[in-house]
Amino acid sequence: PDCDFSPETEDGSQAYAALTAEALGADWVAICYSGRGVWQNYDRSRAGTLPELFDRITPRHAAGSWDPARDSADAVVVFLGTNDFAHENPPEGDFVSALVGFLAQLREAYPEAPIVCLTGSMLGNGSARQPLATHQRYLAKAINQRFRGGDQAVFRLDLEEQGAHGYGCDWHPSLVQHQRHARELTEFFREELGW
């Protein structure tokens with residue numbers, strides 16, 4: 001935690017997504033942007049959340065849309081919420097609505113792919129506001145709304161909280177934590193989704 005989270009301290013090929021793909025013999029694509037959330041970003045702004053940026057070729061150019069449907073996906077993994085909950089718990093209705101909308105956006109882009117929503121890691125329950133438990137509850141509500149609407153291929157996986165295996169820069173998951181998350185996600189794909 002005594003180093004800055006920066007391009008020099010990041011390596012996506014050693015993160016949980018790449019390690020999971022490798023274990024499953026799959027290709028992977030990461031669509032990510034540091035500090036972005038579903039309803040609000042780390043800096044508490046609400047413009048430029050990941051659902052808004054999802055289909056852009058580059059985040060700053062709305063005119064250059066990327067068509068995610070051109071590249072089929074066998075599965076979609078969503079690990080969002082940490083930035084939304086970074087300072088305070090977001091309003092339940094707002095967060096759930098934003099997440100339901102993003103899940104609908106993903107379903108439109110990937111009609112056949114299971115969507116696995118992750119919780120855990122950087123959120124904990126050490127404060128009175130219980131951010132991890134609250135995030136899990138909000139996520140369950142969003143998934144239930146999708147389920148009631150006919151989308152029965154959205155799942156939740158609660159990853160192990162970080163801390164016991166050290167930290168990466170700026171309190172991000174350590175390499176060991178990423179490896180553990182990869183094992184958890186790989187096991188979920190094999191046992192729950194039959195990969």
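Expressed as a whole percent, the proportion of Cα-Cα pairs in region 1-67 lying more than 17 Å apart is 58%. Taking other Cβ atoms within 10 Å as a rough exposure proxy, 189, 147 sort from fewest to most as 147, 189. Rounded to the nearest 500, the 222 nm mean residue ellipticity of the chain from helices alone is -11000 deg cm²/dmol, with -39,500 (n - 2.57) taken per DSSP H run of at least 4 residues. Considering only 142, 15, 26, the mean-square fluctuation computed in a Gaussian network model of the chain, springs between alpha carbons under 10 angstrom, is largest for 26.
Neighbour counting of Cβ atoms within 10 Å sorts the residues 42, 138, 110, fewest neighbours leading, into 42, 110, 138.
Our coupling estimate for region 165-180, obtained by passing each phi through the Karplus curve with A = 6.51, B = -1.76, C = 1.60 and θ = phi - 60°, is 10, x, 10, x, 5, 6, 6, 6, x, 6, 4, 4, 5, 4, 5, 5 Hz, Gly and Pro reported as x. For region 78-148, trypsin sites (Lys or Arg not before Pro) meeting the loop criterion (DSSP other than H, G, I, E, B) and having at most 14 other Cβ atoms within 10 Å: 129.
Could you put 180, 190, 70 in order, starting from the residue whose Cβ has the fewest other Cβ atoms within 10 Å?
Values: 180 20, 190 12, 70 7.
Fewest to most other Cβ atoms nearby, the residues stand as 70, 190, 180.
The relative contact order of region 54-183 comes to 23 percent, based on Cα pairs under 8 Å that sit 6 or more residues apart.
Relative to its residue count, region 110-164 spans a Cα convex hull of 72 Å³ per residue. Computing Rg and the Kirkwood Rh from the Cα coordinates of the chain gives a ratio, Rg/Rh, of 0.93. Under 5 Å between amide hydrogens, built in the peptide plane, is the criterion, and for residue 116 it picks out 76, 77, 78, 155 among residues at least 5 positions away or on other chains. Each residue of region 50-62 was assigned a 3J(HN,Hα) from its phi angle through the Karplus curve 6.51 cos²θ - 1.76 cosθ + 1.60 (θ = phi - 60°); the sequence is 4, x, 6, 8, 3, 9, 8, 5, 10, x, 8, 10, 5 Hz, with glycine and proline shown as x.
Every number here is computed from the coordinates shown, using simple stated rules; none is lab data. Keep in mind it's a predicted model, so treat the numbers as computed, not measured. Note: ideal-geometry Cβ built from the backbone for every residue, glycine included; neighbour counts use all protein chains shown.
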